[in-house]
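Scroll down for the structure; my scribbles are underneath it.
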Amino acid sequence: MSSPEVVAGLRRRLWVYRMLVMGLCVALLGLLLGLRRALTPLPPPDVEVVDVRERMAALEKARPGASDISETYFASDTASVHQHVMGRGQTCPLHIHRAPYEATIIVAGEAHVWQVWGEEGRRMERRGVHGPGWLVASPPFTGHEWRNPDEDRALGNLVFTVPGFDGNLYVPAEDARLLRGTAPFAQEPREALAGLRKRGVTLEETPLPVLQGRMSRVLLEGGEWAVKATPDAPVVAYVAAGRGIAEVAEARPLLEGQLWVLRRDARVRSEEGSPVALYVFHPPPEAVAGR
């Protein structure tokens, strides 16, 4: 074979090799981009709605006879919201949290609550029996015991914490750390709703002395409540009573027992004849990397 023919053959082979290398590079780049997309977490949705009572029933069905079941609905570096289902006849003994502030909304069942704290060196205590819609809050070091004495049904509690939940530290009633706790807080919104009607007020938002001041109570009867929320500043709201409409890009039903996690603006109004009570939580902002 003459030299020109050899050179031409080599050139053809070189061209084929180049095309193969280019094809392999493109395929490898596509694979790397696909892996990057697969490994990059998707941003959370603008709106999440959880029917907490429905989830409680599903958890009970999945684990019949369980003493304790937990399911988390919101978690960040600075706060958490989870449901704690206490089984029939179950007791969560006296315990404290050394850092978190805790606020618990009763979803279903009847809670027997014992709280212990200190005032001017004296040991104080509070006992109460609370049903659905009640909010019961305990600051750090304030002892609290929750009992479900009912042998026929579970107790569902929606637990908000700032910062995030760090577990229970069980203590005896004489533990000196309980004296470092401060007064607890408890309320039920239906009485406030009745007062709203008597005063002829359509909207009332009241800051609550819980969760470092990051929770409020919103009452609606014929009025409209506007909430500002973004992905960096979400709002978590629980419908404690009533029903209505939430306008979040489109109209959606607002029902008792729902938990809403909002990362965009929304407008809420009550349904005629059914005033709405909301517990509204503004989680603290998360730390930004590099700051």
- Task: From the list Leu20, Leu24, Leu42, Leu35, pick out the single residue that is under 26 Å from Pro163 (Cβ atoms), modelled with pLDDT under 95 and not polar (S, T, N, Q).
- Result: Leu42
- Restricting attention to segment 141-159, the residues that are within 18 Å of Val52 (Cα to Cα) and either open to solvent by less than 50 Å² (accessible area, probe 1.4 Å) or not assigned by the TED database to the domain that holds Met86 (or both) number exactly 6
- Message: Considering only residues that are assigned to a loop (DSSP other than H, G, I, E, B) and either touching a helix residue (DSSP H, G or I) at 6+ places or on another chain (Cβ under 7 Å) or open to solvent by 40 Å² or more (accessible area, probe 1.4 Å) (or both), which ones fall in segment 68-89?
- Response: Asp77, Arg88
- Item | Residue, surrounded by the most Cβ atoms within 10 Å (Cβ to Cβ), within segment 248-268, restricted to residues that are in contact with an Asp or Glu (Cβ under 9 Å, 6 or more places away or on another chain) and at pLDDT below 95 | Val248
- strands (runs of 3 or more DSSP E) wholly in segment 90-144 with at least 2 residues that are modelled with pLDDT of 95 or more, within 16 Å of Leu169 (Cβ to Cβ) and not hydrophobic (A, V, I, L, M, F, W, C) - which ones? 91-96, 101-108
- Message: Here's a check for you: in segment 160-177, which residue that is not polar (S, T, N, Q) and not in a loop (DSSP other than H, G, I, E, B) is surrounded by the most Cβ atoms within 10 Å (Cβ to Cβ)?
- Response: Phe160
- Would you say Gly200 is over 22 Å from the mean Cα position of the chain (by Cα), at positive phi and not assigned by the TED database to the domain that holds Phe74? yes
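The values are calculated or read from the model by the stated rules, or taken from the named source; none is laboratory data. The shown structure was predicted, so the numbers you read here are calculated from the model rather than taken from an experiment. Don't worry about glycine lacking a Cβ; one is built from the backbone with ideal geometry, like all the others, and counts go over all protein chains shown. The protein model used for the area step is the full one, side chains on, heavy atoms only, and it has no ligands, DNA or RNA in it. Shrake-Rupley method; radii C 1.70, N 1.55, O 1.52, S 1.80 Å.
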